[in-house]
Amino acid sequence: YAYVARPVGVQSKLPIVIVASEIFGVHEHIADVARRFAKRGYLAIAPEFFTRAGDPTALGTMAEIMSQIVSKTPDKQVMGEIETALKWAGTRGGDINRVGVTGFCWGGRITWLASAYIPQVKAGVAWYGRLVGEKSGNFPAHPVDLAAQLKAPVLGLYGGKDTGISLETVDQMKKALAAAANNKAAAASRFEIYPDAPHAFHADYRATYQAGPAKDGWDKCLKWFAQHGV
């Protein structure tokens, strides 16, 4: 399943953007973000990555969602579903040569992974996605491990007051990117840190929302995609 938004009445091939959700799945906010991209001329696809594991909205706490849904959704499966979405888009008016990925929180981490694993991706924009973590069968590598494998440059949008993703881990990622500077995508990747922003500052349905960083991040996201051929 996926939520799809596209501009009305456009006959030309459309650039494609994959929108990766938070741990809460494709709810109204993520659908709204997809529509915002469609209004900018994109074929926007927000895949429902968690359907095999269950429905996040049926659970009460983040801890339950993490243990019962997210932990049972392997990275390999998610990457496969992004590739399936791109194949689908390519047969329905999407331009497979202009592909961007963006995502929030859980989806921010997925954005880094997709930019390393999926050759069609031209650029990624990761909103406060986790960069480091413990490895397991379902999660064999994290963004900090994949800097040298990046196939597309990533813009990381992060909050200085994010209590779950420390600036120390951002520094770890910056060092990994610098060490992989002979990789063009790693060398071109950038971070934008909003010093006073918490986690989920783009989520306008949550108390963490900050209009200034959210708007600035959105503008930078669109410019990043334009700059890198999406």
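The values are calculated or read from the model by the stated rules, or taken from the named source; none is laboratory data. Treat the numbers as computed from the prediction; the structure is a model and nothing was measured. Please note: Cβ atoms are built from the backbone with ideal geometry, for glycine as well, and neighbour counts cover all protein chains shown. Areas reflect the complete protein model, heavy atoms only, side chains present, ligands, DNA and RNA absent. Shrake-Rupley method; radii C 1.70, N 1.55, O 1.52, S 1.80 Å.
When the gyration tensor of region 1-91 is built from Cα positions, what are the square roots of 5 times its three eigenvalues, in whole Å, from largest to smallest? Working through the eigenvalues yields semi-axes of 27, 15, 8 Å.
Computed from backbone phi, the HN-Hα couplings of region 142-153 come to 10, x, 4, 7, 10, 4, 6, 9, 4, 9, 9, x Hz, rounded to whole numbers (Karplus: 6.51 cos²θ - 1.76 cosθ + 1.60, θ = phi - 60°; Gly and Pro given as x). For the options 40, 109, 130, a Gaussian network treatment of the chain with springs between C-alpha atoms closer than 10 Å singles out 40 as fluctuating the most.
Backbone amide hydrogens, once placed in the peptide plane, bring residue 14 within less than 5 Å of 94, 95, excluding anything fewer than 5 places away on its chain.
Mean residue ellipticity at 222 nm from the helices of the chain, using -39,500 (n - 2.57) per DSSP H segment of n ≥ 4 over the full residue count, to the nearest 500 deg cm²/dmol? Provide the component values of the computation, followed by the final result.
Numbers: 7 runs with 82 residues, N = 230.
Calculated mean residue ellipticity at 222 nm is -11000 deg cm²/dmol.
Checking the table 135/174; 87/174; 72/220; 13/39; 161/220 against a 24 Å threshold on Cα-Cα, which pairs fail? Could the numbers behind the result be given before it?
Numbers: 135/174 20 Å; 87/174 32 Å; 72/220 33 Å; 13/39 15 Å; 161/220 20 Å.
The answer is 87/174; 72/220.
On full extension, the segment bounded by residue 184 and residue 51 gains 44.3 nm, given 0.36 nm per residue less the C-alpha separation.
Can you give the percent of C-alpha pairs in the chain whose distance is more than 21 Å? The partial results should precede the final answer.
Details: 13606 of 26335 pairs.
Percentage above 21 Å: 52.
With θ taken as phi - 60° and the Karplus curve 6.51 cos²θ - 1.76 cosθ + 1.60 applied, the whole-hertz 3J(HN,Hα) list for region 21-37 is 6, 6, 5, 7, x, 8, 9, 4, 5, 5, 4, 5, 4, 4, 5, 4, 5 Hz, x standing for glycine and proline. In the full protein context, the chain carries 45 Å² of accessible surface per residue, based on a 1.4 Å probe and ignoring ligands, DNA and RNA.
Run through the DSSP bridge list for the chain and note the antiparallel percent, rounded to the nearest 5. Percent antiparallel among DSSP bridges in the chain is about 15. Expressed in Å, the radius of gyration and Dmax of the Cα atoms of region 176-230 are 14.0, 41.
Dipole magnitude for the chain: computed about the Cα centre from +1 point charges on Lys and Arg Cβ and -1 point charges on Asp and Glu Cβ, it is near 820 debye. Which shape class applies to region 63-106: rounded if a/c is under 1.5, otherwise prolate when a/b exceeds b/c and oblate if not, where a ≥ b ≥ c are the square roots of the Cα gyration tensor eigenvalues? Prolate is the answer for region 63-106, as a/c is 1.5 or above and a/b outweighs b/c.
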